[in-house]
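Peer 1: First, the structure itself, so that you have it in front of you.
The values are calculated or read from the model by the stated rules, or taken from the named source; none is laboratory data. Since we're looking at a predicted model, the values are computed, not measured. Quick reminder, even Gly has a Cβ in these numbers, built from the backbone with ideal geometry, and neighbours come from all protein chains shown. What goes into the accessible areas is simple: the full protein's heavy atoms, side chains included, and nothing from ligands, DNA or RNA. Shrake-Rupley method; radii C 1.70, N 1.55, O 1.52, S 1.80 Å.
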Amino acid sequence: MNPRNRLNFSGGPGALPESVLLQVQQAIVEVPEVGLSILGISHRSSWFAAVITELENNIRQLLGLPENYHVLFLQGGATQQFSMVPMTLLQGKTAPAEYVHTGYWSGKALPAAQREGPMRVVWSGAASGFRQLPGDAELAFSAEAPYIHYVSNETVEGLQFHRVLGRDDVPRVCDMSSDFLSKPCEAQRFSLIYAHAQKNIGPAGVTVVLIRDELLRDELLRDASTDLPEFLDYRTHIKAHSNANTPPVFAIYVVLLVTRWLMQEIGGLARMDQINRSKAALLYSLLDRSEGFYRARAEPRDRSLMNVTFNLATPEMEQRFLAESLAAGFSGLAGHRATGGIRASIYNGLALPAVEQLAGFMEDFQRRQKR
Ligand SMILES: *Cc1c(COP(=O)(O)O)cnc(C)c1O
């Protein structure tokens, strides 16, 4: 049998809320208030300008983001931000930027930074297989660093920081691609936040960037290369209101629908957080009760509320689990190719009943192996 969409536990692109998908379905044919398909509406139309404005305001409202932040919708994914950040903030600097290496994705940001200027890895979990995150005592951040960079949720390993890292006198830069808008995040403590849409808030094609205005002051940028391509300069996109060239109109519209869903149907990020916590608690308590049948990958303290990663006793048993779960209608449960194992991604769009159904399947699978 084919998998069922509401049982899509994919790590990314992630599941989107059903009520959003129904609106998208309608919009593909015709956006009601416009009379045109979303795929054929001009990015220069006043309707699309209003979409950008509403989405920006929704993100500000959801996060309580102050006026001194720019909200940008860019292309190139989180990967382009791995380079754009150091191109802007690191070129020409003598003190190293400080990077925290907690897993697959924070590791991808390191070589991109190294190309642009001095950088230092403050802590790396590589030697211990990225099963835990550093405590504050293990992190000595320098006051001289141009910025610190970390990933709030390591999507592949299933590790999530449940606190804000760094120091208040050094700009914080954070890749929140896989937990953005899953909970309140104290955005005003960060100088730059980036998050592509396709894990938690929409389809691939758009990346949200929040930048505190002071970060782009001329004194701070004076060392930056003057031949930075215009398109890779944040200021280009600020001036153009995220409409410098043809933006991904469709992806941006879907993210707008997701923010409306968060505000009107869910009731804000604190409520979203509660729901996400119940979903994660259901799965982690099942793993912990399984007497070693299911082995959680991450240290309890650092467990992700978005990506629940675990192993079974043998790779063969994991293959059987995946085959049977697929036959039962579940999709996307295979771990990332870098780690193997099982990963249940329970992003905002995945509803509690789907997680209950997975928990039921897992208990039943365990029972059946014992017979
Ligand atoms: C998936 C992911 C990325 C990669 O994003 P792209 O948009 O594919 O470049 C980067 N960071 C994190 C935390 C991710 O989960």
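Peer 1: Kindly check whether there is at least one residue in the stretch 47-58 that is assigned by TED's automatic domain parsing to the domain that holds E154, closer than 12 Å to I211 by Cα and of a type outside the set (D, E, K, R).
Peer 2: no
Peer 1: Looking at the stretch 314-341 only, could you name the residues that are assigned to a helix (DSSP H, G or I) and not basic (K, R)?
Peer 2: P315, E316, M317, E318, Q319, F321, L322, A323, E324, S325, L326, A327
Peer 1: Now for a separate question. May I ask you to verify whether V100 is part of a helix (DSSP H, G or I), among the aliphatic types (A, V, I, L, M), closer than 26 Å to A126 by Cβ and touching a strand residue (DSSP E or B) at 6+ places or on another chain (Cβ under 6 Å)?
Peer 2: no
Peer 1: Out of A244, A298, A344, A281, which single residue is at pLDDT 95 or above, of a type outside the set (V, I, T) and assigned to a helix (DSSP H, G or I)?
Peer 2: Exactly one of A244, A298, A344, A281 is at pLDDT 95 or above, of a type outside the set (V, I, T) and assigned to a helix (DSSP H, G or I), namely A281.
Peer 1: How many residues does the stretch 61-98 contain that are more than 13 Å from the ligand (Cβ to nearest atom) and under 20 Å from the mean Cα position of the chain (by Cα)?
Peer 2: 11
Peer 1: Return the residues of the stretch 192-208 that are assigned to a loop (DSSP other than H, G, I, E, B) and open to solvent by 10 Å² or more (accessible area, probe 1.4 Å); say none if nothing qualifies.
Peer 2: The answer is Q198, K199, P203, A204, G205.
Residue-wise test of (1) in the same structural domain as T94 (by TED's automatic domain parsing); (2) of a type outside the set (V, I, T); (3) closer than 19 Å to E144 by Cα; (4) within 15 Å of the ligand (Cβ to nearest atom).
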site: M176; (1), (2), (3), (4): yes, yes, no, yes
site: S182; (1), (2), (3), (4): yes, yes, no, yes
site: I193; (1), (2), (3), (4): yes, no, no, yes
site: D233; (1), (2), (3), (4): yes, yes, no, no
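Peer 1: Exactly one condition in (1) among the hydrophobic types (A, V, I, L, M, F, W, C); (2) outside any strand (DSSP E or B); (3) modelled with pLDDT of 95 or more; (4) in contact with a Ser or Thr (Cβ under 6 Å, 6 or more places away or on another chain) is false for L262; which is it?
Peer 2: Looking at each condition in turn, L262 falls short on (4).
Peer 1: Hey, another quick one. Test of understanding: among Q132, Q188, which residue is more than 16 Å from the ligand (Cβ to nearest atom) and outside any loop (DSSP other than H, G, I, E, B)?
Peer 2: Q188
Peer 1: Quick check on my filter: what residues within the stretch 245-264 are over 15 Å from V208 (Cα atoms) and open to solvent by 10 Å² or more (accessible area, probe 1.4 Å)?
Peer 2: Within the stretch 245-264, N245, T246, R260, W261, M263, Q264 qualify.
Peer 1: In this structure, does I59 turn out to be closer than 21 Å to W261 by Cα, open to solvent by 40 Å² or more (accessible area, probe 1.4 Å) and outside any loop (DSSP other than H, G, I, E, B)?
Peer 2: It is false that I59 is closer than 21 Å to W261 by Cα, open to solvent by 40 Å² or more (accessible area, probe 1.4 Å) and outside any loop (DSSP other than H, G, I, E, B).
Peer 1: OK, next. Scan the stretch 77-127 for residues that are small (G, A, S), within 25 Å of K199 (Cβ to Cβ) and in contact (Cβ under 8 Å) with a residue 40 or more places away in the chain and report the count.
Peer 2: The number of residues fulfilling the criteria is 7.
Peer 1: Still on this structure, please answer the following. Tell me whether the stretch 190-208 contains one or more residues that are over 13 Å from A78 (Cα atoms) and free of Cβ contacts under 8 Å to residues at least 60 places away in the same chain.
Peer 2: Within the stretch 190-208, one or more residues are over 13 Å from A78 (Cα atoms) and free of Cβ contacts under 8 Å to residues at least 60 places away in the same chain.
Peer 1: Those residues that are open to solvent by 60 Å² or more (accessible area, probe 1.4 Å), within 30 Å of L322 (Cβ to Cβ) and part of a loop (DSSP other than H, G, I, E, B), I need them from the stretch 4-45; list them, please.
Peer 2: Passing the criteria: R4, P13.
Peer 1: Name every residue in the stretch 105-124 that is within 15 Å of the ligand (Cβ to nearest atom) and either part of a loop (DSSP other than H, G, I, E, B) or open to solvent by 40 Å² or more (accessible area, probe 1.4 Å) (or both), in order of residue number.
Peer 2: Hits for the stretch 105-124 are W105, K108, P111.
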